Structure formats: C-alpha cells, structure tokens
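Engineer: I have a structure I would like to understand better, so I am pasting it below and will then ask my questions one at a time.
Laboratory data are not the source of any read-out in this text; all were calculated from the coordinates shown. The structure displayed is predicted, hence computed values, not measured ones. Methodologically, a virtual Cβ is constructed for each residue, glycine included, from the backbone with ideal geometry; neighbour enumeration extends over all protein chains shown.
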Amino acid sequence: MPYLSGAAVLLLCLVVSGECWKHGHRVRRWTGTAETQKHSTSVAKKPPDVTKSRKTKTEHLLKVDDHDFTMRPAFGGPAIPVGVDVQVESLDSISEVDMDFTMTLYLRHYWKDERLSFSSSTNKSMTFDGRLVKKIWVPDVFFVHSKRSFIHDTTTDNIMLRVFPDGHVLYSLRVTVTAACNMDFSRFPLDSQTCSLELESYAYTDEDLMLYWKSGDESLSTDDRISLSQFLIQKFHTTSRLAFYSSTGWYNRLYINFTLRRHIFFFLLQTYFPATLMVMLSWVSFWIDRRAVPARVSLGITTVLTMSTIITGVNASMPRVSYIKAVDIYLWVSFVFVFLSVLEYAAVNYLSTVQDRRERKMRERARSQSLPCTCSISHTRTMTMMDGTYSEADTNSLAGYTEEPMVQEEPDEKHHVPEKSEHMVVHLSMSSESAGIKKRKSLRALSIIQNTHAIDKYSRMIFPGSYIFFNLIYWA
C-alpha cells in the first residue's frame, strides 16, 4: 500500500508539471505574435498630431488665458484699423409696403491682434469655428436701420476665424439682414429706387476703431445671378463717412449702395391696359341709340365700377403715402373720362326729354287752336318750322308749294265761326338770302343743344382725341 500511494503521488506530479509547461509555451507564442504586430503597426502610422498634446492646446498656443480679451487690441494707443469686405450672396426681396429689403451676404473683418500671434515654422494660419470667437476680441459691427438679422446656423454656426502667426485675424460670418429703405413713389411704377445697407461699430468711436473698406470699391462683390422679379439691379457701389451722435461722439460708417429700376411690363398688363380698355369701352355708348336707356346706363355703370376696382387693387399693394403717384394720375384721369361718358348720356337724355316735352306742348297748342292740316307737309317738318329751327333744306323743299287760303267750314248752329277765315300755318320770308344766313348763325348754338344726335357726334371725336393727347403727355 505505501508503494502504491507513493507511485500515485509521483504520477500526479508529472501530469501537473506537463500541463504547466504547455501553458507557458502557448503564452510565449501569442505574446511574440502580438509584439510583432504592434511593431509593424507603429511603423505604418503617421506622426502624432501635436494639437492633441497638452502642451500644444489651442488656448495655450494662442495664449488666450494670458490676456484680457475684453479690451481692444493696443488699448490706450491709436485707433485699431478694421478692414471690411462684403460678398452679396442674394437680394431676397423688396417690399414697397414695409419699405425694406432683405439681403444675404458674407461679412468679413480684417484686423491685427498681437496677443494672438504664435510661433510657426511653416508660417501657416490656423482656422477655427465659432467656439473660439467667444473667447477673444472681435469688432462689434452692427447694421444701422436694420429691422431683423440673424447668423445662419445650418448645420453649425456659419462663422469662421482664421489666425495668422503674426497676429492678423480674418473673421467671416454669413448673415441675412432686413433693413429699411426710404423709397420715393412719386414716379411709381416708372421709378428707380436707391437703397443702402449701413455698417457701423456699436461701442467704439473713431478714436478707438477705424472702420474702412479693405480694398476700396473692390471690397464689394456680387453674384451675377442675382435677380428680382420686379426690379433690375443697375449698380452696386460703396461709400463711407462719419456719423455723429450727440451723446457718444463720431463713428465710422460704411455704406453698401445699390440702385434698382422697376420693370414696367407687369404694370402695363395689370393696370394700364385694363384702364385704357375700360375708357375705350365707355366710348361705345356714343354709338348706341339715345333711346336705349338700359344699354347705355348699364355700360356706363360697368365701366365706372371696373375702374374703381382697378384703383383699389393698385392702392392695396402700396404704402399709404400722402403724395400723388404717377399711376394715380393715369388711373384717375381714366376714371374721369369714364365718368364723363356717363354724364354725357345724362345730358343727352335730359335734353331729349326737354325737346320731346316742347314738341308735345306745341302739338297740343296746335290741336287746341284747331289748326287744319297743312298742304301735304310732313308733321315733323311742320313742327320744326313752327319752332323756328328750320334749315335751308327745309325752305327749299317748300319751293313747289303755293300759298292757298284755308278752306272755310260751313257755319254751324252750335259753333261760332270767327270772322277771320284765312290762317297761314307757315310763313317764310325769302326776300333776302343774307337774312336767312344771319338767322342760321344765330341759331346754330341752340340747334346743337336741341339736336341730341349732335352731342353724341361731337363726343365721338372729342373724347378719343383728348385721351390720346393725355397719353402722349403722360408717356413723354
């Protein structure tokens, strides 16, 4: 038994020692492989990024924590020059009602801050996003007379900061601004408008900050594809001058000026052509019979209401200015022509009524005097000559008639017959031709008023001629 137990212990020791040797060999083999792979990977890798080193952190490289950036560069010394240039991306809209415009642009500032200088062997600049802007000094430029403005933030804040080794800084941002524009609509829609976008430092006067255009007129660049639906962009240019505030002092102010000329074709189609057609339509009533009252009245009322609608539509899209615009002159003159055509028919209708009433009275008077029928002269011509408005043609037409006494009726028991039995219905004095011409001249004005056809006939010439003359003056 002791021999068997000793042999078992020996066998167990041999097995444990063999397993330990196998495990150690396996660990040494995998370790050697990992070291080989690590060595080959380190050879293939690029040099490490120095910005990840704690010693080359951005704040330490630019020495942001070593200076007070709430103060402007060279505080206490001369004014720091800040150059500006602008690239106009788009001119989004022009509003006549609000008298403003909306513009999207890239605004860039250039200045030198020696506190941001750093050593560099390659003399290359460093570019940062908007997060570093909050830690350093930047110019406080704002837009004068702006109503709304914002910096684009899709997908991040559209701000770029570029710092050069000698301390020069480029600060760029993308802005959309809505600013006021004083417009003059006295020649609308034949007008041209000049608007300006003004830039100025909010806190620093000209003794602390000198704002200027970096490259003169070349500091402003525009996209050739900029276009507007109602305007033609004629010119962009830059100017600068000092602005004075009584409580704070003088400030440098930069101007972006641009001139807009309005397209007239839209207003020709929407305003001028319809108004002209309504005026011409009102002239149709001059060719309609004066006895067709519903036709002429409905035509006049329709044209008047249409002109009122056109005037209301134009004024709805315009600001409520206290002066007369060019389009107002054209529309209101057209409205007066339309209204006068209605009044013309009112005059014709009234004179026709007066003339009919006069003829009716004369007819009744003739009937009351028991006037017999004239010798085969038409009733209308007889009444005209009795009224005294005969013409030379009427007198010539009587050349073949002879003066004959009226046939005397038999006396009746119930009726008293006057002693004078002969009555002349028409008595024409043809003794002198000059006397007839003189009488016709004296009655010419009266005959035009009494003859309602003459009023329409003259209106057919006077109304179109006057309106054409007005258009020549207006468009010239």
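Engineer: Find the centroid of the Cα atoms in the range 167-215 and in the range 276-296, then give the distance between the two in whole Å.
Structural biologist: 56
Engineer: Right, here's the next one. Among 231-239, 169-177, how do they line up by average Cβ neighbours within 10 Å per residue, starting with the highest?
Structural biologist: Top of the packing list down: 169-177, 231-239.
Engineer: Between rounded, prolate and oblate, where does the range 267-358 land on the alpha carbon gyration tensor, with a ≥ b ≥ c its root eigenvalues, rounded for a/c under 1.5, else prolate if a/b exceeds b/c?
Structural biologist: prolate
Engineer: Could you tell me which of rounded, prolate or oblate describes the range 152-220, using a ≥ b ≥ c as the square roots of the eigenvalues of the alpha-carbon gyration tensor, with rounded for a/c under 1.5 and, failing that, prolate when a/b is larger than b/c and oblate otherwise?
Structural biologist: prolate
Engineer: Given the range 80-262, report the % of alpha carbon pairs whose separation exceeds 29 Å.
Structural biologist: In whole percent, the share of Cα-Cα pairs in the range 80-262 beyond 29 Å is 27.
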